[in-house]
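Structure, as structure tokens:
What follows draws every value from the coordinates through simple rules; no lab data is involved. Predicted model, so just to flag it, every value in this text is computed and none were measured. Cβ sites come from the backbone with ideal geometry, for glycine too, and all protein chains shown count toward neighbours.
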Amino acid sequence: MLTINAMFTDTHTHLTHPALFFRLPQIIAQARAAQVSQFIVPTAEHADWANALALLGQPEIRAVALGIHPWYAEQASDNVLHELALHLAQQPALLVGEIGLDFYDKTQPPECRAAQIQAFQAQLALAQQHRRPIILHNLRATAAIIQAIQSTQFTRGGIAHAFSGSLEEAQLLIKHGFKIGIGSLLLNPRAKKARIAAAQLPLNTLLLETDSPFGQPENQNTPANVLRVAQIVAELRGMALDELASACEQNLTALLAR
């Protein structure tokens, strides 16, 4: 049973999405009732940035990240990247994200992958320049992500969000300063790799998330589901929820203090 001190942070929730943004008081109240008291809010495209910035300063918002998701790589123009640089210069607490690579679609033409890589590298360079962690999107692209990190000499780490890869891939990312985001994929009993990662990775590398409102095709996902994710992680690791909450809080505090 949770004590009042066992509070969790949803380290990846798209609160700017219309499904959540227009009922934020209800969403936040539901989350708090499930012992989820704080949130990190990433953005996916330029149109999200204004609403995300409007959340800065609210007590429930642990951090906001601005970035261009690989699905919208064409938006990463010089003007948008310049705007991102200005925001980073003006807001010391901003993170960069959600950025990364998505090679899930094997029919994707080479020029689309090249555009993703170019947008990712440009945003990595800004994150390095402004000394910010990133929120990383990675689907079947770990090798290319490591190559981009090395080529841009990016050293700020971040959160490898919605991790779905192997232990070996997780360890590569951890080596480059990333915490591993364990999310709603864990609610699927068939997600064997995610469960292995949740059970076996070092405790000091784990963070919890929902990716809400995405990630649950049958039901709308909300930040309150962090509690369900936490319960599975605690069961897999044979530990108390309070202990898990404390460890995740320490992990997140250490990341944001870099």
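Once you divide the Cα radius of gyration of the stretch 70-180 by 2.2 N^0.38 Å, the number left is 1.01. Distant-in-sequence amide contacts of S212, defined by a placed amide H-H separation under 5 Å and a gap of 5 or more residues or a different chain, comprise H14.
Excluding same-chain neighbours fewer than eight residues apart, the lysines reachable from K175 by a Cα-Cα span under 24 Å are K192, K193. Relative to the Cα centre, the charge distribution of the stretch 55-203, modelled as +1 at Lys and Arg Cβ and -1 at Asp and Glu Cβ, gives a dipole magnitude of about 640 debye. Considering only D102, D78, D211, the mean-square fluctuation computed in a Gaussian network model of the chain, springs between alpha carbons under 10 angstrom, is largest for D78. Separation of the stretch 65-132 and the stretch 154-175, taken as the distance between their Cα centroids, equals 17 angstrom.
Find the Cα radius of gyration of the stretch 1-133, compare it with 2.2 N^0.38 Å by division, and give the number to two decimals.
1.16
Annotation for the stretch 53-121: chymotrypsin sites (Phe, Trp or Tyr not before Pro) lying in DSSP loop with at most 16 further Cβ atoms inside 10 Å of their Cβ are Y104.
A full extension of the chain between K175 and N51 corresponds to an added length of 41.3 nm, given 0.36 nm per residue minus the alpha carbon distance.
For the stretch 127-169, list residues with backbone N below 16 Å from a point placed 7 Å from the Cα of A191 toward its Cβ? Within reach of a label on A191: 136-140, 160-167. Taking the chain as a Gaussian network of alpha-carbon nodes connected by springs under 10 Å, the highest mean-square fluctuation of the residues A122, A170, A76 belongs to A122. What does the net charge come to around D102 if you take all other residues with beta carbon closer than 10 Å to its beta carbon, with K and R at +1 and D and E at -1? Local net charge: +1. Each part reduced to its alpha carbon centroid, the stretch 233-256 and the stretch 177-197 end up 14 Å apart. Placing +1 on each Lys and Arg Cβ and -1 on each Asp and Glu Cβ, with no other charges, gives the stretch 163-241 a dipole about its Cα centre of roughly 180 debye. Given the convex hull of the Cα atoms of the stretch 100-255, what is a quarter of its surface area in nm²? Reported value for the Cα convex hull: 9.4 nm². When Lys and Arg each count +1 and Asp and Glu each count -1, what net charge do the other residues less than 13 Å away from W49, Cβ to Cβ, add up to? So the environment of W49 carries a net charge of -4. Charge dipole of the chain (Cα centre as origin; +1 on each Lys and Arg Cβ, -1 on each Asp and Glu Cβ, all else neutral): 520 debye, rounded to the nearest 20.
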